[in-house]
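The structure appears below as structure tokens.
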Amino acid sequence: MESDLRPDQILAKASATYEKKARQNIKKTLVLSFIAGIFIALGAVASTLASFNLLADPNKIGLGKLIQGLTFTPGLIFVLIAGGELFTGNNLMAIAFLDKKISVGDLLKSWLIVYFGNFIGSIFVAFLIYKSGQWQIADNDLAARVILIANQKINLSFSQGLILGIFCNFLVCLGVWMALGAKDYVGKVASAIFPVVAFVVSGFEHSVANMYYIPAGIFAKNIPAFVEKTGLSLDDLSHLNFLNMVTKNLIPVTLGNIIGGAILVGLLYFIAFKEKEN
């Protein structure tokens, strides 16, 4: 009977898995990364809807964050089980590079394609949800929460985005690492749930999730009734735009995600478990 892999056995599987991912054709990588962007964005949609009224109550924020985390988790579970290429999880591709299975060019090319595909998938969902009218729920209170989430993310300092990104992808890649060692779907699901809930509850920053959250807020602020519900003015939200999304959030958060995933998980486990060949 097949058993779960020990931590020291996961390294070889991770190296082989990410070598294969780095060498798959561009079309397949792009399609799977687009799908993964949709998965993560739909997790964000569900988690916002499930928690928006609780997050608005200072006395229920903890409960709201817990629900937000639990309902965001399916996004990563879908990637792990249904199949998808997710930039944050693929930061573990650094293991294949460290193992000399792929070149730095292979690594960066794959990351770039996946990042682009994730962005297109995420913004695709954000635009369609905007057009769906869903944000009018609860007399536009949901729309207000969508805008406020985006506004909060765009107002992080560079160091805040970097640090919150580091811890986020440390946890995400820890979940992916454990899922690589799981023998069945149940183990993969269990591996994903706790790290993802921990990062969401803690308020850490996930670059691909932000590819949905921030565009959603940008789209929502085009509706005056939505903006009015936030208690802010259009001037207060003037900085909420696509340029600032990249410069004030995605750049520092993405760098943090790489450090947290490629270095704090990938590199450290490689150092710990890679046996020197005689």
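The values are calculated or read from the model by the stated rules, or taken from the named source; none is laboratory data. Quantities reported herein were computed from a predicted structural model and do not represent experimental measurements. Ideal geometry is used to build each Cβ from the backbone, glycine not excepted, and the neighbour counts take in all protein chains shown. Heads up: the accessible areas ignore ligands, DNA and RNA and are worked out on the full protein's heavy atoms, side chains in. Shrake-Rupley method; radii C 1.70, N 1.55, O 1.52, S 1.80 Å.
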Please state which of the following conditions Glu85 fails to meet, knowing it meets all the rest: (1) in a loop (DSSP other than H, G, I, E, B); (2) of a type in the set (D, E, K, R); (3) open to solvent by 30 Å² or more (accessible area, probe 1.4 Å); (4) farther than 15 Å from Ala16 by Cα.
(3)
Just a yes or no: is a residue in the stretch 258-273 open to solvent by less than 60 Å² (accessible area, probe 1.4 Å) and either touching a strand residue (DSSP E or B) at 6+ places or on another chain (Cβ under 6 Å) or within 24 Å of Leu42 (Cβ to Cβ) (or both)?
yes
Could you list all residues from the stretch 1-60 that are among the polar types (S, T, N, Q), closer than 30 Å to Ala138 by Cα and either open to solvent by 70 Å² or more (accessible area, probe 1.4 Å) or in contact with a His (Cβ under 9 Å, 6 or more places away or on another chain) (or both)?
Asn53, Asn59
Can you tell me which residue in the stretch 95-151 is least open to solvent (accessible area, probe 1.4 Å), limited to those that are farther than 30 Å from Lys13 by Cα and of a type in the set (Phe, Trp, Tyr)?
Trp135
Here is a list: Leu255, Leu243, Leu237. Which entry is outside any loop (DSSP other than H, G, I, E, B), surrounded by fewer than 23 Cβ atoms within 10 Å (Cβ to Cβ), over 18 Å from the mean Cα position of the chain (by Cα) and not small (Gly, Ala, Ser)?
Leu243
Reported set for the stretch 209-227 where residues are farther than 11 Å from Ala41 by Cβ, touching a residue at least 40 places away in the same chain (Cβ under 8 Å) and assigned to a helix (DSSP H, G or I) is Ile214, Gly217, Ile218, Phe219, Ala220, Ala225, Phe226, Val227
Could you check the stretch 174-211 and list, in sequence order, the residues that are within 18 Å of Pro252 (Cβ to Cβ) and crowded, with 24+ Cβ neighbours inside 10 Å?
Phe199, Glu205, His206, Ser207, Val208, Ala209, Asn210, Met211
